[in-house]
Structure formats: structure tokens, C-alpha cells
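K.L.:
Shown below is the structure under consideration.
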Amino acid sequence: MPEKPIAIASDHGGFELKTLLIEELKALGHQVLDLGCHSLDSVDYPDYAATLAAALADGRSDRGVILCGTGIGISIAANRYAHVRAALCHNGLTARLARQHNDANVLALGGRILGSELAKDCLREFLATPFEGGRHARRVAKLAASVDQREKV
Ligand code: RB5
């Protein structure tokens, strides 16, 4: 079965880095599902987190990349969807560990924070690194079980 495309979405703060990472994804041989935004015009990052979460939920993609200015807002927004494990990464090491330990299915990056080489390094590590499983699988399962804990705190 052919590999599903990598979904990618950003607000205006991540638009320029998204454009660069789409080229990198293609250079690495991946299909890309570009979910916008498509210009530097100001938009709201929760809308793009929702669009990417939908693409993962309906099976168009299994892995995604999201960007806003800092990566913070869009990662908070994306992690409100129970099937999303978005990791805000700042270098190749954090991206690798997000896969090995957290089975992150979404890489979050700050378009106004990271230089292009650092961002490409994050992307390569995120795509190339498998989940380690073992004790980490138990912890990831607890994430899925803790979607709404308000009544227990
Ligand atoms: C938009 O100006 C900016 O607030 C947004 O891209 C992001 O950094 C929010 O977390």
C-alpha cells in the first residue's frame, strides 16, 4: 500500500517555514497534503489545528506537521483532539525523543523561532524515528485514558 501523505498546516506565523518544509518533504520522497494557510494574511491557528486533526481522524494522513509563530498556540490547539499527540520541538533531539518516547503523530514547530536547517533536522528526525514501545507504550496508553480528568482533580 502506498504511504499516506504527510499532512501539514500553519497559520500566517508559520506560513514561510511551511512552504520550505513542503519542499523538504517532497525532496525526501513524501506526498504532501497541504491544508493551508496559503498566504501571510492573518488567520487563527486553532482553525488550522482543527483542519489537521480532521485529516488524521478521517484517514487521509497518519502523520502531520503544524506551525504557528512560536508553535505553542497551534500545539495547544491540536492536543485538544484525543487522537493527536503533537510535540513542540526545537531541535533534532527533541523531535527524535518525541517519536521514541511519546509516539508523537504530529510535529509542531515555531516558524518565528527556528532557522530553516534546525527545522529540517526536526522534520527528518520526526519522520525517520520509530516509537520505542515498552514502558513508553504504557505511558502513551495513559495519555489516551486521560482525555478529560477534570472531575478527578
Ligand atoms: C500569531 O501572531 C501568533 O500569535 C501565532 O502564530 C502563534 O505564535 C501563537 O501561539
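K.L.:
Please label the shape of the range 72-149 as rounded, prolate or oblate, based on the square roots a ≥ b ≥ c of the eigenvalues of the alpha-carbon gyration tensor (a/c under 1.5 means rounded; beyond that, a/b larger than b/c means prolate, else oblate).
P.N.:
Numbers: a/c = 3.07, a/b = 1.37, b/c = 2.24.
Oblate.
K.L.:
Could you calculate the contour length gain from Asp58 to Thr94, that is, 0.36 nm times the residue separation minus the distance between their Cα atoms, to one decimal place in nm? Don't skip to the answer; put the middle values down first.
P.N.:
On the way: separation 36, 0.36 × 36 = 12.96 nm, distance 2.78 nm.
That works out to 10.2 nm of additional length.
K.L.:
Quick one: angle between helix 135-145 and the longest Cα principal axis of the chain, in degrees between 0 and 90, rounded to 10, please.
P.N.:
90
K.L.:
Students often check this: by mean Cβ neighbours within 10 Å, which of 57-68, 3-14 ranks highest, and how do the rest follow? Display every interim value, and only then the final one.
P.N.:
Working: 57-68: 20.3, 3-14: 23.6.
Most protected by this proxy first, the peptides run 3-14, 57-68.
K.L.:
Quick query: amide H of Val32 versus all other amide H atoms, modeled in the peptide plane; which residues come in under 5 Å with a sequence gap of 5 or more or a different chain?
P.N.:
It is Ile6, by chain and number.
K.L.:
For each of Arg99, Arg139, Arg85, count neighbouring Cβ atoms within 10 Å of the residue's Cβ, then give the residues from fewest to most. Numbers along the way, then the final one.
P.N.:
Working: Arg99 22, Arg139 12, Arg85 17.
In order of increasing Cβ crowding within 10 Å: Arg139, Arg85, Arg99.
K.L.:
Taking the beta-carbon count within 10 Å as an exposure proxy, list Val43, Val106 from fewest neighbours to most. Don't jump to the answer; show the numbers that get you there.
P.N.:
On the way: Val43 18, Val106 29.
Listing Val43, Val106 from fewest to most nearby Cβ atoms yields Val43, Val106.
K.L.:
The chain: Rg/Rh from Cα coordinates, Kirkwood Rh?
P.N.:
Details: Rg = 14.7 Å, Rh = 15.3 Å.
When Rh is taken as the Kirkwood radius, the ratio is 0.96.
K.L.:
On C-alpha positions alone, give me the angle between the axis of helix 45-57 and the longest principal axis of the chain, in degrees, nearest 10.
P.N.:
60
K.L.:
Name the residues whose placed amide hydrogens come within less than 5 Å of the amide hydrogen of Arg63, ignoring near sequence neighbours (fewer than 5 apart) on the same chain.
P.N.:
Amide H neighbours of Arg63, under 5 Å, 5+ apart: Ala7.
K.L.:
For the chain, what does -39500 (n - 2.57) per DSSP helix run (n ≥ 4), summed and divided by total residues, give at 222 nm, in deg cm²/dmol to the nearest 500? If you can, show how the numbers build up before the last one.
P.N.:
On the way: 6 runs with 66 residues, N = 153.
Theoretical 222 nm ellipticity from helices: -13000 deg cm²/dmol.
K.L.:
Okay, moving on. Using alpha-carbon pairs under 8 Å, 6+ residues apart, how would you state the relative contact order of the chain in percent? Before the final figure, lay out each step's value.
P.N.:
Details: 298 pairs, mean separation 35.3, N = 153.
This gives 23 percent for the chain.
K.L.:
Check cross-link reach from Lys142 to the lysines: straight Cα distance under 25 Å, and skip same-chain residues fewer than eight apart.
P.N.:
Lys152
K.L.:
Next question, about the same structure. Can you sort Phe15, Phe131 so the residue with the fewest Cβ neighbours within 10 Å comes first? Intermediate results must be reported in sequence, preceding the final value.
P.N.:
Details: Phe15 20, Phe131 16.
In order of increasing Cβ crowding within 10 Å: Phe131, Phe15.
Laboratory data are not the source of any read-out in this text; all were calculated from the coordinates shown. If you're wondering where the values come from, they're calculated on a predicted model, not measured in any experiment. Please note: Cβ atoms are built from the backbone with ideal geometry, for glycine as well, and neighbour counts cover all protein chains shown.
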